[in-house]
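The values are calculated or read from the model by the stated rules, or taken from the named source; none is laboratory data. Predicted model only: the values in this text are computed from it and were never measured. Using ideal geometry, Cβ is built from the backbone for each residue, glycine included, and neighbour counts are taken over all protein chains shown. Ligands, DNA and RNA are stripped out before the accessible areas are found, and what is left, the full protein with its side chains, is counted by its heavy atoms. Shrake-Rupley method; radii C 1.70, N 1.55, O 1.52, S 1.80 Å.
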Amino acid sequence: MRTRRAKREEKSPARGDQTRQRLLEAGIEAFAQFGPEEVGIRRLAAAAGVNSAALSYYFGGKEGYYRAVLRFLIDTVGRSIREAAEAAEESFRRQPDSNTARQLLCQFMRTVVTVVLTNPHAEAAAAIIWRELLRPSSGFPIVYERMIRPVHDVITELTTGAMGTDRDDPQVILLAHILWGQAAIFRLGFHVLRRRLKWRGRRLSKEWVERIAATVEEMVARLFSWDTSGGTKRSRSRALLA
């Protein structure tokens, strides 16, 4: 049964949209901190400044609310990454040679690292996604299909193009997974790095973001370069798959 407040908001779409937006934003921090199993309806509603009935009205309950928060989070944090992935794939389709694939892969990895280090919701996203990777819930298909797989797919495609191999080769997928991890670890392991480098605060300067992104880009470039030591010419990435 709808509450009087919910009925009023139904008559006022703008106000209803604002409440839904407030719920989604509040849900990000709540689910990041406590997880979907540990946090209750009342705490979620209190964090958003609404009554418990609003969660059922807008999302059909806590599980529906959690899935909506995941979609909102992925759309918010992942939009620029998805756009970069689509642009890289389109560029590679226009010019499908190994040199282009290497360049696009370097650029894409730089973009991913920059986003995970600078997006305001990236830390909360990492906490939620990490929990889903370790203890998959009903939200895992959303995380996998809408955030992880698109990134994994474009890295795999560009790795395949750079090496001239079959994209279904398990070893190529393994290498793509390693590269994906190189970007992910700077968000998931951020506080380890912060402690090792004795940083203060929870945000990086533009100079450090650039330095980290450039380091990852250089690592990828070297991986797909040619090793001519010993009088032979061999791809370093291919050596990993031998």
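Residue-by-condition table, conditions (1) in contact with a Pro (Cβ under 7 Å, 6 or more places away or on another chain); (2) under 19 Å from Val216 (Cβ atoms):
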| site | (1), (2) |
| --- | --- |
| Arg67 | no, no |
| Ala85 | yes, yes |
| Asn99 | no, no |
| Phe108 | no, yes |
| Val113 | no, yes |
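Yes/no per residue for (1) small (Gly, Ala, Ser); (2) open to solvent by less than 50 Å² (accessible area, probe 1.4 Å); (3) farther than 29 Å from Thr165 by Cα:
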| site | (1), (2), (3) |
| --- | --- |
| Tyr58 | no, yes, yes |
| Gly61 | yes, yes, yes |
| Leu73 | no, yes, yes |
| Glu90 | no, no, no |
| Phe108 | no, yes, no |
| Glu123 | no, no, yes |
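Would you be able to say whether some residue in the range 78-97 is touching a helix residue (DSSP H, G or I) at 6+ places or on another chain (Cβ under 7 Å), aromatic (Phe, Trp, Tyr) and closer than 20 Å to Glu210 by Cβ? The answer is no; no qualifying residue exists. Within the range 64-79, the only residue that satisfies the criterion of being among the β-branched types (Val, Ile, Thr) and farther than 24 Å from Thr111 by Cβ is Val69. The residues in the range 95-129 that are in a loop (DSSP other than H, G, I, E, B) and free of Cβ contacts under 8 Å to residues at least 12 places away in the same chain can be counted, and the count is 2. Taken over the range 75-108, the criterion of being farther than 24 Å from Ala126 by Cβ and among the charged types (D, E, K, R) is satisfied by Glu89, Glu90, Arg93, Arg94, Asp97, Arg102. Considering Arg42, Arg82, the condition of being basic (Lys, Arg) and free of Cβ contacts under 8 Å to residues at least 12 places away in the same chain is satisfied by Arg42 alone.
Does Glu132 satisfy being on the phi < 0 side of the Ramachandran plot, buried (at least 19 other Cβ atoms within 10 Å of the Cβ), among the acidic types (Asp, Glu) and assigned to a helix (DSSP H, G or I)? Criteria met by Glu132. Residues that are β-branched (Val, Ile, Thr), more than 16 Å from Ala124 (Cα to Cα) and assigned to a helix (DSSP H, G or I) within the range 27-70 comprise just one, Ile41. Helices (runs of 4 or more DSSP H) fully within the range 146-227 that include at least 2 residues being surrounded by 17 or more Cβ atoms within 10 Å (Cβ to Cβ): 149-163, 170-188, 206-223. Taking first residues from the range 171-184 that are on the phi < 0 side of the Ramachandran plot and partners that are β-branched (Val, Ile, Thr) and not in a helix (DSSP H, G or I), the Cβ contacts under 8 Å between residues at least 6 apart in sequence or on separate chains come to Val172/Thr165.
Among the candidates Gly181, Gly164, Gly139, single out the residue that is over 29 Å from Gln103 (Cα atoms) and of a type in the set (Gly, Ala, Ser). On inspection, the qualifying residue turns out to be Gly139.
Which ones in the range 135-145 are in a loop (DSSP other than H, G, I, E, B) and open to solvent by 30 Å² or more (accessible area, probe 1.4 Å)? First the steps, then the outcome.
Applying the first criterion (in a loop (DSSP other than H, G, I, E, B)) to the range 135-145 yields 135-139.
Once the filter is applied, which keeps residues that are in a loop (DSSP other than H, G, I, E, B) and open to solvent by 30 Å² or more (accessible area, probe 1.4 Å), the range 135-145 yields Arg135, Pro136, Ser137, Ser138.
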